[in-house]
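For reference, the structure discussed in these notes is given below.
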């Protein structure tokens, strides 16, 4: 089974709730999972074999939540050695805004630019259409887990 590190960017707490629901599913599937609300420099180096799962909401006009900005800055400024490292993305947004789900796309692009390999397709949870984002995320996590 895999070691997975869920890094959460959240403003109102919904992304954290989604991450916790996903953590339960992944743990029940036999994976070792840790979750951090936010990011601090050095976390990517703690266990280079860990699969990274980014779970982020969007704020403003598709901006990154403040607590996950350090991850983006680390990726763009420090160029960590993550080529070949596997990752996934859960992106919470609201399609009534013009830059719908941009925060997750920004982090996805930053990971890919450094050669990280995304596992599966990102989960995009649109607040306009999804009443229970944790339930949707649990279903996605079951399928994503089988791809690891």
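The numbers here are math on the coordinates, done by the rules we state, and not lab data. Keep in mind the model is a prediction, meaning the values are calculated, not measured. Virtual Cβ from ideal backbone geometry, glycine too; neighbours counted across all protein chains shown.
What to note about this one:
- The range 52-107 - Debye-derived log10 I(q)/I(0), Cα point model, q = 0.19, 0.22, 0.24, 0.30 Å⁻¹: -0.66, -0.84, -0.95, -1.23
- Residues residue 97 and residue 130, FRET efficiency given R0 of 22 Å [Cβ-Cβ distance, rounded to 0.05]: 0.90
- Stokes-Einstein, applied to the Kirkwood radius of the chain over Cα pairs at a viscosity of 1.002 mPa s and 20 °C, places its translational diffusion at 143 µm² s⁻¹.
- Label-point separation in nm, residue 142 to residue 12, each point 7 Å along Cα→Cβ: 2.7 nm
- Cα-based shape type of the range 81-148, given that a ≥ b ≥ c are square roots of the gyration tensor eigenvalues and the cut on a/c is 1.5: oblate
- When only Cα pairs below 8 angstrom with a gap of at least 6 residues are kept, the chain shows a relative contact order of 26 percent.
- Cα centroid separation - the range 1-45 against the range 70-148, whole Å: 12 Å
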